[in-house]
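This report concerns only the one structure given below.
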Amino acid sequence: MSSNTGRSSFSEKVLNRLGSIWLELITGLLWWVVGYFPSHHLRRFFYRLSGMTIGSGSTLHMMARIYDPRHITIGNDTIIGEQVTLDGRKQIKNSQGGIIIGNHVDIASQVMIWTSQHDLSDPDMKPLEAQVSIGDYVFIGPRAIILPGVSIGRGAVVAAAAVVTRDVSAGSMVAGIPAKEIGKRNLDKLTYTLGRARWFQ
């Protein structure tokens, strides 16, 4: 290996480490400072300033934990509950990480949406990243966990505490660990708006 290649590899590692530290700082500020502001308007302002795309009428309640907001897109009239985790990481070269959330989506408190995980079959447990996509009119119950690479179709319902490990089709109602279909939802009549989020939360 040439000395130039060695220097290049070292420089890349240093830059990656500095980038990780910067993201950790942003995550900390968004969680410990912004996340505790008792004002939707202020939180939205700072989330947007940090790179998150938030549509009209959408809001995140207090104490959300945000990882890499630059790769999180939220549609219109979407309400995200307290203490939700949104993992927008997209740090691996050419990865397909990040989160896309549609319109009129209701995500309850303490839901976790992850886009990054470790490859347990790799001897170095290298990280893997895969995008999570959530369609319009989806409801996700409290403490549900959505794992990397999952796509949830329009109007689907994820029950409380479910662990979603694979795609959920439009209108499907899923529950359990791992989540399995338990019913269907009528998609013809989904025209509602979620309305005003709770003030001071």
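The values are calculated or read from the model by the stated rules, or taken from the named source; none is laboratory data. Every value quoted in this text rests on a predicted model; they were computed, and no experiment measured them. Every residue, glycine as well, gets a Cβ built from its backbone with ideal geometry; the counts of neighbours run over all protein chains shown.
Can you run down the residue pairs with Cβ atoms below 6 Å, 6 or more apart or on separate chains, where the first is in segment 56-74 and under 16 Å from Gly102 (Cα atoms) and the partner is of a type in the set (Asp, Glu) and surrounded by fewer than 23 Cβ atoms within 10 Å (Cβ to Cβ)?
Gly57/Asp77
Please go through (1) modelled with pLDDT of 95 or more; (2) within 18 Å of Gly35 (Cβ to Cβ); (3) in contact with a His (Cβ under 6 Å, 6 or more places away or on another chain); (4) not β-branched (Val, Ile, Thr) for Gly88 and return the number of the only condition it doesn't satisfy.
Unmet for Gly88, out of (1) modelled with pLDDT of 95 or more; (2) within 18 Å of Gly35 (Cβ to Cβ); (3) in contact with a His (Cβ under 6 Å, 6 or more places away or on another chain); (4) not β-branched (Val, Ile, Thr): (1).
Just need a number here: residues in segment 164-201 that are within 30 Å of Phe37 (Cα to Cα) and touching a residue at least 12 places away in the same chain (Cβ under 8 Å).
Adding up the residues that qualify gives 8.
Scan segment 136-190 residue by residue and report those that are more than 25 Å from Tyr67 (Cβ to Cβ), of a type in the set (S, T, N, Q) and at pLDDT 95 or above.
The answer is Ser169, Ser172.
Please work out which residue is surrounded by the most Cβ atoms within 10 Å (Cβ to Cβ), limiting yourself to segment 102-130 and to residues that are at pLDDT 95 or above and touching a Ser or Thr at 6+ places or on another chain (Cβ under 6 Å).
Checked segment 102-130; the qualifying residue surrounded by the most Cβ atoms within 10 Å (Cβ to Cβ) is Val105.
Of the numbered conditions (1) modelled with pLDDT of 95 or more; (2) crowded, with 22+ Cβ neighbours inside 10 Å, Gly97 satisfies every one except a single condition; which is it?
So the condition that Gly97 fails would be (1).
Test of understanding: among Arg7, Arg44, Arg48, which residue is modelled with pLDDT of 90 or more and either among the acidic types (Asp, Glu) or exposed (fewer than 15 other Cβ atoms within 10 Å of the Cβ) (or both)?
Answer to the selection: Arg48.
Please state which one of Trp31, Trp114 is touching a residue at least 24 places away in the same chain (Cβ under 8 Å) and over 30 Å from Gly155 (Cβ atoms).
Trp31
For segment 65-84, give me the residue count where each residue is within 18 Å of Glu24 (Cβ to Cβ) and surrounded by fewer than 20 Cβ atoms within 10 Å (Cβ to Cβ).
Selection size over segment 65-84: 2.
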